[in-house]
Every structure is written in structure tokens, then in C-alpha cells.
Amino acid sequence: KQEVTQIPAALSVPEGENLVLNCSFTDSAIYNLQWFRQDPGKGLTSLLLIQSSQREQTSGRLNASLDKSSGRSTLYIAASQPGDSATYLCAGPNTDKLIFGTGTRLQVFP
Amino acid sequence: DTGVSQDPRHKITKRGQNVTFRCDPISEHNRLYWYRQTLGQGPEFLTYFQNEAQLEKSRLLSDRFSAERPKGSFSTLEIQRTEQGDSAMYLCASSLYTGTFEGYTFGSGTRLTVV
């Protein structure tokens, strides 16, 4: 059974710091991966998706990479801002059904 | 297209009552997914459709739960004889399946409270 672990579970940092959020799958056969952001009480907003032929994706201050050999993904947030405060969720491993981790709760304070 | 729409946003019901939620996906998306999320947890897969066919159901989806997607457009999720343990956020997502991964788009969810 595929399980997803996200580390750290929570993170509180001053603004301006560069951050690394980690995601790992018990089964390393990952073909696709998507990172989401969730604000309290809201739905999920897609941040980045990595297709089977890709190893990383970038959007603005966000960069996500996927190491298929180890079943690990990293979300890098550059120059964090208070508006980045949210829960970040990773999900994989294939097109038919995304399995989610429990998320990293991020708080960025001024 | 305004994205994935879910209705209602909030539902409070008494234990034992039946409830039905609706999801309108992005119009060109052929796949539709239902997830359930409890506080502090990631979303848990319930079921998904490709067009009108229900292709997979999780063991989480007990016989009190039923989902439909008539005509391959909107979908409904019904919970019969609700229990307090059914209290959760119910999320709907849609995607365009073309053989490659195009990503999921989620709605804002329906928050169910069973009292």
C-alpha cells in the first residue's frame, strides 16, 4: 500500500528564509506528482505538477523536484513571505489516483 | 469556465439523516474524483469516474455512501443514515485524462457536520 510522508509536519520561520519541504513515498514507482497549497477551511490549490518525463518544475519562487529512484520529492520556497503561510501537500504517484501526505503546516511571520 | 464547483459549501445535519452533495467539474475534464479530509489529515481517496463510469471505489466508501455521475457531467455523493464519524470536508476534483498527467483541479469542498 502506497503511503506518503511529509517532513517536517510543521514549520515556523521569519520572512525572507529559503525553505525546503520534503515528501517521500513508500513505493518508489512514482510516475507523476503534484504539490498543492491549502489555506485553513479551503480547498486545494495546485502549485506545481511533475509529469513522468520530467524531474523538476519551477513557478516563480517555487521549485519542485522528483527523484524517482528514491521516491522522494522536494518543494523549495525561496524568500518566504507571510502570504506563504498555509499547509503544503504533496500527492502521487500516478494518473489514476493521487495519494496524499498529511502535509507541512507553514507559518511565515513578519 | 470558473473551475470546479461544489454545493453546498456547508451542511449541518442530524445523525441518521441523508445528505447529498453536488460537484460540477471543469467542462472538458473527463475524470472526476471524490476525497474526504478530516482535520489535520491529508485528503483520502473515495472514488473516481471516467466519464459516467465509476472506475474505482475505496474501502472507505461504505454501503451508506453512493456516488453517481450521470451523463459524465456533474456528480453527486450521497451519504445515507449519517453518523458523527462522517463529519469531514468532502472534496471534489477533476482532471483531463489523455494518457499523460495533466494534474487535478479541486473545488472548495463541502464541509459536513453531523450533530
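So what are chain B's ellipsoid semi-axes, whole angstrom, largest first, if each one is the square root of 5 times an eigenvalue of the alpha-carbon gyration tensor?
23, 14, 13
Distance between Cα centroids, the range A:1-80 to the range B:60-115: provide it in whole Å.
24
Just need the Rg to Rh number for the range A:4-62, please, alpha carbons only, Kirkwood Rh.
My calculation puts Rg/Rh at 0.97.
Please report, in debye to the nearest 20, how large the charge dipole of chain B is about its Cα centre when each Lys and Arg carries +1 at its beta carbon and each Asp and Glu carries -1 there.
460
With springs only between Cα atoms under 10 Å apart, run a GNM on chain B and tell me which of B:Thr13, B:Thr100, B:Thr82 wobbles the most.
B:Thr100
Using only the alpha carbons, work out the radius of gyration and Dmax of the protein assembly as shown in angstrom.
Computed over the Cα atoms of the protein assembly as shown, radius of gyration and Dmax are 17.5, 50 Å.
Size of the dipole of the range A:38-101 about the Cα centre, Lys and Arg at +1 and Asp and Glu at -1 on the beta carbon, nothing else charged, in debye to 20?
Roughly 100 debye, rounded to the nearest 20.
Can you give the net charge of the other residues whose Cβ lies under 15 Å from the Cβ of B:Gly109, counting K and R as +1 and D and E as -1?
Around B:Gly109, the charge tally is +2.
May I ask you to list the residues of the range A:71-94 whose amide nitrogen lies under 16 Å from a point 7 Å from Cα along the Cα→beta-carbon direction of A:Glu17?
A:75-88
Mind checking B:96-103 for the average number of partner chain beta-carbons within 10 Å of each residue's beta-carbon?
5
Using only alpha carbon pairs under 8 Å that are at least six residues apart, calculate the relative contact order of the range B:5-50 and give it in whole percent.
It comes to 29 percent, rounded to a whole number.
Pull up the cross-link candidates among the lysines for B:Lys71, meaning alpha carbon to alpha carbon under 27 Å and not fewer than 8 places away within one chain.
The qualifying lysines are A:Lys97, B:Lys11, B:Lys57.
Share of Cα-Cα pairs in the range A:34-108 beyond 17 Å, in percent?
Counting pairs separated by more than 17 Å, the tail of P(r) holds 43 percent.
How large is the dipole of the protein assembly as shown about the Cα centre if only Lys and Arg carry +1 and Asp and Glu carry -1, each at its Cβ, rounded to the nearest 20 debye?
520
Cβ neighbours within 10 Å, averaged per peptide: list A:45-55, B:86-96 in order, most packed at the top.
So the peptides A:45-55, B:86-96, ranked by packing, come out B:86-96, A:45-55.
Quickly work out the A:Phe109-to-B:Ser62 label distance, labels modelled 7 Å from Cα along the C-beta direction, and quote it in nm with one decimal.
4.2
Going toward the positive end of the dipole of chain A, with +1 on Lys and Arg Cβ and -1 on Asp and Glu Cβ, which of A:Gly60, A:Leu98, A:Trp35 do you reach last?
The one lying farthest along the dipole's positive direction is A:Leu98.
Where a number appears in this text, it was derived from the coordinates with a stated rule and is not lab data. Computed from a predicted model, the values in this text were never measured in an experiment. Ideal geometry is used to build each Cβ from the backbone, glycine not excepted, and the neighbour counts take in all protein chains shown.
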